[in-house]
Amino acid sequence: MDRRCRVTPMASDDVLAVGDDVPDVAAELVRADGSVESTPLAELYADGPLLVVFYTNDFSPDCVDEWCAFRDYGWFTSSNDVSVVGSSKSRVTTHRKFIDYLDIDFPLYSDRDLAVSDAFGVSYRTFKLFPRSKRSVFLVDEDGVVRYRWVGEHPLDPTRDQPPLDEIRSAVEELSGDEPETFGFN
């Protein structure tokens, strides 16, 4: 059975669903050390589950808050259960500055043409003019199958919602088979 999703640029009704295969897509990836290389998404999830986090712009207040939350949550950087990659339209040089400014360890795709965003079905136009990505998070397993998704649906601007970190953590724990830490309380 072919579970691949048809990808239509700027079509919000084509958002990948849980159980869909992630299409083959690549873009320039900026790593925390500043190196840049065109990297297929499949290369990132081949070693284990991957959170793909879409956001609009480096340095916008909402995006700074979002990435600080991922960084400060700690669990995403201290866990071997999942890797994290961000994706936005920001340029490579801006990503380097953003990574340094926030001191984040996550690589960021420079998705200038929104190919990565289109592949996941989360591209849209602000005021029907400016193309960008909806704030969204997808958990992809090592086989390239979406196991969790969250897509911002704010009525005025879908980039204003913040991802539910506890819900995302639960999805990762479920996928990895880990039980949540109860600290002795059941």
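The values are calculated or read from the model by the stated rules, or taken from the named source; none is laboratory data. All values derive from a computational prediction rather than experimental measurement. Cβ sites come from the backbone with ideal geometry, for glycine too, and all protein chains shown count toward neighbours.
What the table below lists for this structure:
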{"read-out": "Which listed residue is of a type in the set (Lys, Arg) and farther than 20 Å from ALA171 by Cβ, from ARG132, ARG147", "value": "ARG132"}
{"read-out": "Cross-chain or 6+ apart pairs with Cβ under 9 Å, segment 123-143 first and surrounded by fewer than 16 Cβ atoms within 10 Å (Cβ to Cβ), then of a type in the set (A, V, I, L, M) and assigned to a strand (DSSP E or B)", "value": "GLU142/LEU50"}
{"read-out": "Candidates PHE106, PHE183, PHE76, filtered to the one that is surrounded by 14 or more Cβ atoms within 10 Å (Cβ to Cβ), of a type in the set (Phe, Trp, Tyr) and either assigned to a strand (DSSP E or B) or modelled with pLDDT under 80 (or both)", "value": "PHE76"}
{"read-out": "Options ASP24, ASP113, ASP58, ASP13: the member that is at pLDDT below 80, surrounded by fewer than 15 Cβ atoms within 10 Å (Cβ to Cβ) and acidic (Asp, Glu)", "value": "ASP13"}
{"read-out": "Qualifying residue in segment 153-169 (condition: at pLDDT 75 or above and within 21 Å of ASP14 (Cβ to Cβ))", "value": "yes"}
{"read-out": "Count of segment 128-150 residues which are in a strand (DSSP E or B) and modelled with pLDDT of 85 or more", "value": "11"}
